[in-house]
Amino acid sequence: MSDDARVPILMYHAVATDPNEATRALSVTPEAFAGQMAVLADRGLTPLTTADLAARWRSGRPLPKRPVLVTFDDGYEGVHRHALPALAKHGFPATLFVSTGWLRGPYDTGGGLDTMLDWDQVRELAAAGVEIGGHSHSHPQLDQVSDATLRFELIHCKEIVSDQLGTVPASFAYPYGYSSRRVRQAVRETGYAQALAVGNGLARRAQGPYALRRVTVRRGTGLEEFERLVEGRAINRAFARDRALTKGYAMVRRTRQARRLLARPGG
C-alpha cells in the first residue's frame, strides 16, 4: 500500500440498547455495531490496533489490504457486553481508550457518564486482543488545563493502566479530540508512542503519530453512511455541520484560554 494511504479509524463510544441522555447521541445499538462489523468483514477490510498501524507507518512496513481501525473511547460497559462478541465473531482486534478515573473500581472518581467497565472486564478485553490505551484520568479538555494538571492526567492514567494490566499503554486518545502543541509534546514525553484526535477525516502517515484523525460513528449513522465512511467517500459532506460547529467552538475556546492567560499573575 502506498505511503499516502488513507485509513479509516472508526471512533465509537457507548454500545448500548438504552443509553442515558448523556451518551445517546454518540452511542450505537448492539445490533448496529454487529451489522457494521459484518460490513467490514463482507468488504474485506482488515482491522488493526492503533499500535500496529503506527508501528507499520513508523517502520515503513507495508499495511495489509484495506486496513481499518475500530476504536472506543471512555470505557463504557457495553464494549465488553455487546461489542466484544461481535469483534470475536470476525476475529477483529480493536483499541479501547480508557479514562481511568471513570472506570468502576479503586480509582473511580464518579465522573463516568453511564455504566462503565470494571478492571476485570478491561483485562478480559485485553486478553481477547483489544489494545488498551490511555484517555486521561478524569477526561478534561487537556489543552485548557495547567501544565501540572496535564502531567498528572497523562502520567496517572498511564500508571494505573500499567498497574492493572501489567503492560504499559502505547497509544493515547485526546478527550474530546482536543490537543495543542503543548499537549502533544506532553503525551510524547509521557511515553505514549502515538495518539488519536478526531478531525472526522481519514488517517494518513503525513499527519504524524500524535495527530491521527478518526471518523465518528454514532446513533444516527445508518449502514449506507457507514459503508461510505469505510470506503472514504463523502466524508466531508457527512461531517460538514460538525466541522462548522467545531470551528466556531474552537474560536470560543481560544478566547477563553487567552483570557485565562491574561488573568494569571504577570500575564
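General observations
Each row is one residue, and each column tells you yes or no for (1) at pLDDT below 95; (2) more than 25 Å from Leu53 (Cβ to Cβ).
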{"residue": "Gly208", "(1), (2)": "no, no"}
{"residue": "Ala211", "(1), (2)": "no, no"}
{"residue": "Arg218", "(1), (2)": "no, no"}
{"residue": "Arg228", "(1), (2)": "yes, no"}
{"residue": "Asp242", "(1), (2)": "yes, no"}
{"residue": "Lys247", "(1), (2)": "yes, yes"}
{"residue": "Ala250", "(1), (2)": "yes, yes"}
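- Residues of segment 22-48 that turn out to be touching a strand residue (DSSP E or B) at 6+ places or on another chain (Cβ under 7 Å), part of a helix (DSSP H, G or I) and surrounded by fewer than 18 Cβ atoms within 10 Å (Cβ to Cβ), as a count: 1
- Checking each residue in segment 15-33 for being within 16 Å of the chain's Cα centre (by Cα) and without any contact (Cβ under 8 Å) to a residue 24 or more places away in the chain picks out no residue at all.
- Taken as a whole, the structure places Val183 among residues that are β-branched (Val, Ile, Thr) and more than 24 Å from Ala38 (Cα to Cα).
- For segment 34-68, a residue qualifies if it is under 20 Å from the mean Cα position of the chain (by Cα) and of a type in the set (Gly, Ala, Ser), and the qualifying residues are Ala34, Ala51, Ala54, Ala55.
- Test result for Val122, of a type in the set (A, V, I, L, M), open to solvent by 10 Å² or more (accessible area, probe 1.4 Å) and out of contact with any Pro (no Cβ under 9 Å at 6 or more places or on another chain): no
- Of the residues making up segment 74-97, those that are farther than 17 Å from Pro47 by Cα and either crowded, with 21+ Cβ neighbours inside 10 Å or more than 16 Å from the chain's Cα centre (by Cα) (or both) are Asp74, Gly75, Tyr76, Gly78, His80, Arg81, His82.
- Filter pass, Ala51 being out of contact with any Gly (no Cβ under 7 Å at 6 or more places or on another chain), open to solvent by 60 Å² or more (accessible area, probe 1.4 Å), of a type in the set (A, V, I, L, M) and in a helix (DSSP H, G or I): no
The values are calculated or read from the model by the stated rules, or taken from the named source; none is laboratory data. Since the structure is predicted, the reported quantities are computational estimates derived from the model, not experimental observations. We place every Cβ from the backbone using ideal geometry, glycine too, and count neighbours over all the protein chains shown. Protein only, heavy atoms only, side chains kept; ligands, DNA and RNA dropped before computing areas. Shrake-Rupley method; radii C 1.70, N 1.55, O 1.52, S 1.80 Å.
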